[in-house]
Amino acid sequence: MKRIALITLSFLFILSTLIYAVDKKYIPNNVDSVFSLNANTLAQKAEVDLQKVLNNFFMQEYADKYLEYRDDPFVAEVMTNKLNEYIDFSKTSRVVFFNGYQQMSIIADVKDVTGLDKLMIKMASQEDKLVSVADNAVYKYLALDDYNLISWNNDIFTITIKLKDNYWYNEKLNKDYITNIANYIFLNNTPLEDEKFNALETETNDCYVWANLSILADDTSDFARFLFGRSYDGIPRDSYKDSILTAKINFNNGNADVVVDNYSPNYPFNTSLLKKELADNIYTFVNGENNYGFLSLAFNSKELSNHIKNIMGDINNLPIVEEFYTLEEYGIDVYKFLELFGGDVFVSVWDMPSSEVSDSPAVLFSASITDNDSVKTILEALSEDSANDVYTIDGYFCYIKDSILYIVNNQDVINSIVNGEVPSTPLSSDKLNIAKGNTLSLYFEFSPDLDLYGIDEYTESLESVYFTSNILENNHTQMVLKINARDKEKNALTVIRSFIDLE
């Protein structure tokens, strides 16, 4: 009996492996990136009709143009109303990029290959073309032109596009590459087996992205040169070798989450560059009442100073060189400017409804400093006016208290700081945890009062949005974006859909 059970389990394991392999075997190892999504699931979460969305964005327009010169209602009907009878949108589809992002393929599962064959033959005949069979009869294809190829077999349907008219387009790209991509996909003896890609495949996410950043290490890549302004100044290109970026996107009831991880084994990350502990007094005078949000940053000022110097290079190449020259006149070494900061920065914004000075929100910039006298020298150099150690620069009031530099646009707030008057409502503990638990955090709360500032379309639907970023151990970085909706019963994708007028 145990033997039978063991054999049964082994068979199920082998079967499940084969089923899993059908999904991923069409992703070759020479792809630059993979974008995976389940269109049917996303349509359900967004509460939209998938076929209608496809029609609005692509199919109806294509069908209308088709009927302008071809009288074939069968093809037009399939395009506009029956596409989901041929393509299985209930299964995961993928978009893959090749050749330095100059070509892309959309890969979807086939539901009815007999109907698909009929459709493609009808389209080919109406286009005065033929449906061709590839080597070894592994797949069929219809070449619309040198830039667009449709290919399929019993398992998958693909549309391959050779991109043009973009900034990194290589005019020398061989026209045969459009069919080579189909060969990569269908005649694939070396499927992608990257560890991080495999991990994504085993998880359940609404969408995911896998990208091989090694392309950025190639000094002959037009795409890499486009991203770096055709220069690698300050960043060794070998730093990107073997780097992998992944992103997970999920839409749930009440929230949407995006988690981006970047693993770069050769990038010179320094975990001491950023830190996670803010000075306890950095947010002492931040008002939690009517607070719209904050920016929080914790860094090692000496390490960051050296890092920026390595990246930026000579001071004469910087756009703010004149301001730095002004500081030098007062004896401030511009290369040591960042080291004057203790590494804690907190910027917060809140309404001041009782203020008689200004109707605009209060903006408070707080930063820890290491040398009060040097910072005072800088303030004296840049200020238009000063009184009682309060310096005025471009309408902002600057003041140093307990090794914290405060810069604020509101007279009432600066007076409270000078007098040591702490706001009656501090920033809530959950928001402080976001700030203190990340090297970089950006939090924004959609208060109904924001109607006054012309963004009322978001205030009824969204509760808050925040972004965090961390440099982790082992050359690993992570960024998180979280969108919180007010309605916890509805999927967040329905809220996002309403912002882009998606029917």
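The values are calculated or read from the model by the stated rules, or taken from the named source; none is laboratory data. Keep in mind that what you see is a predicted model, and the values were worked out from it rather than measured. Counting neighbours? That spans all protein chains shown, and the Cβs are built from the backbone with ideal geometry, glycine included. Quick note on the areas: whole protein, heavy atoms, side chains included, nothing else; ligands and nucleic acids left out. Shrake-Rupley method; radii C 1.70, N 1.55, O 1.52, S 1.80 Å.
The rows are residues; the columns are (1) open to solvent by 30 Å² or more (accessible area, probe 1.4 Å); (2) over 28 Å from Leu440 (Cβ atoms); (3) in a strand (DSSP E or B); (4) in contact with a Pro (Cβ under 8 Å, 6 or more places away or on another chain).
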position	(1), (2), (3), (4)
Ser360	yes, no, no, no
Val363	yes, no, yes, no
Ser368	no, no, yes, no
Ile378	no, no, no, no
Phe397	yes, no, yes, no
Tyr406	no, no, yes, no
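Against the definition (out of contact with any Leu (no Cβ under 8 Å at 6 or more places or on another chain), at pLDDT below 95, within 21 Å of Phe97 (Cβ to Cβ) and not aliphatic (A, V, I, L, M)), how does Phe228 come out, yes or no? In short, no.
To keep it simple, each residue is scored yes or no on (1) at pLDDT 85 or above; (2) not basic (Lys, Arg).
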| site | (1), (2) |
| --- | --- |
| Lys111 | yes, no |
| Gly115 | yes, yes |
| Met120 | yes, yes |
| Glu127 | no, yes |
| Leu130 | yes, yes |
| Asp135 | no, yes |
| Asp145 | no, yes |
| Ile156 | yes, yes |
| Leu163 | no, yes |
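Yes or no, residue by residue, for (1) hydrophobic (A, V, I, L, M, F, W, C); (2) open to solvent by less than 20 Å² (accessible area, probe 1.4 Å); (3) at pLDDT 95 or above; (4) under 23 Å from Asn470 (Cα atoms):
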residue	(1), (2), (3), (4)
Glu201	no, no, no, no
Trp210	yes, yes, yes, yes
Asp218	no, no, no, no
Tyr232	no, no, no, no
Asp280	no, no, no, yes
Lys302	no, no, no, yes
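Hey, could you check segment 456-481 for residues that are under 16 Å from Tyr292 (Cα atoms) and open to solvent by less than 50 Å² (accessible area, probe 1.4 Å) and say which is modelled with the lowest pLDDT? Per the stated criteria, the residue is Thr459. For Leu427, state whether it is modelled with pLDDT under 90, surrounded by 15 or more Cβ atoms within 10 Å (Cβ to Cβ) and under 17 Å from Gly293 (Cβ atoms). Against the criterion (modelled with pLDDT under 90, surrounded by 15 or more Cβ atoms within 10 Å (Cβ to Cβ) and under 17 Å from Gly293 (Cβ atoms)), Leu427 does not qualify. Counting only residues that are open to solvent by less than 20 Å² (accessible area, probe 1.4 Å) and assigned to a helix (DSSP H, G or I), segment 432-453 holds 2 of them.
Restricting segment 37-86 to residues that are out of contact with any Leu (no Cβ under 8 Å at 6 or more places or on another chain), part of a helix (DSSP H, G or I) and of a type in the set (A, V, I, L, M) leaves a set whose member that is modelled with the highest pLDDT is Leu50.
(1) surrounded by 15 or more Cβ atoms within 10 Å (Cβ to Cβ); (2) farther than 22 Å from Ile181 by Cα; (3) β-branched (Val, Ile, Thr): which one isn't true of Val96, the others all being true? Every condition holds for Val96 apart from (2).
Look at (1) outside any helix (DSSP H, G or I); (2) of a type in the set (Ser, Thr, Tyr); (3) modelled with pLDDT of 75 or more and you find that Ser214 fails only one, number (1). In segment 99-137, what residues are on the phi < 0 side of the Ramachandran plot, open to solvent by 50 Å² or more (accessible area, probe 1.4 Å) and either in a loop (DSSP other than H, G, I, E, B) or not hydrophobic (A, V, I, L, M, F, W, C) (or both)? Lys111, Asp112, Thr114, Lys118, Lys122, Ser125, Lys129, Leu130, Asp135 - these are the residues of segment 99-137 that are on the phi < 0 side of the Ramachandran plot, open to solvent by 50 Å² or more (accessible area, probe 1.4 Å) and either in a loop (DSSP other than H, G, I, E, B) or not hydrophobic (A, V, I, L, M, F, W, C) (or both). Looking at this structure, is Thr425 farther than 24 Å from Ser498 by Cβ, in contact (Cβ under 8 Å) with a residue 24 or more places away in the chain, in a loop (DSSP other than H, G, I, E, B) and not small (Gly, Ala, Ser)? Criteria met by Thr425. Gly331 meets each of the listed conditions (1) exposed (fewer than 14 other Cβ atoms within 10 Å of the Cβ); (2) within 28 Å of Asn484 (Cα to Cα); (3) at pLDDT below 90 apart from (2).
Just wondering, is there one or more residues in segment 14-36 that are closer than 28 Å to Phe499 by Cα, open to solvent by 20 Å² or more (accessible area, probe 1.4 Å) and at pLDDT 65 or above? Yes, that holds for at least one residue. Only a single criterion out of (1) open to solvent by 70 Å² or more (accessible area, probe 1.4 Å); (2) assigned to a loop (DSSP other than H, G, I, E, B); (3) under 21 Å from Asn30 (Cβ atoms) is not satisfied by Asp145, namely (3).
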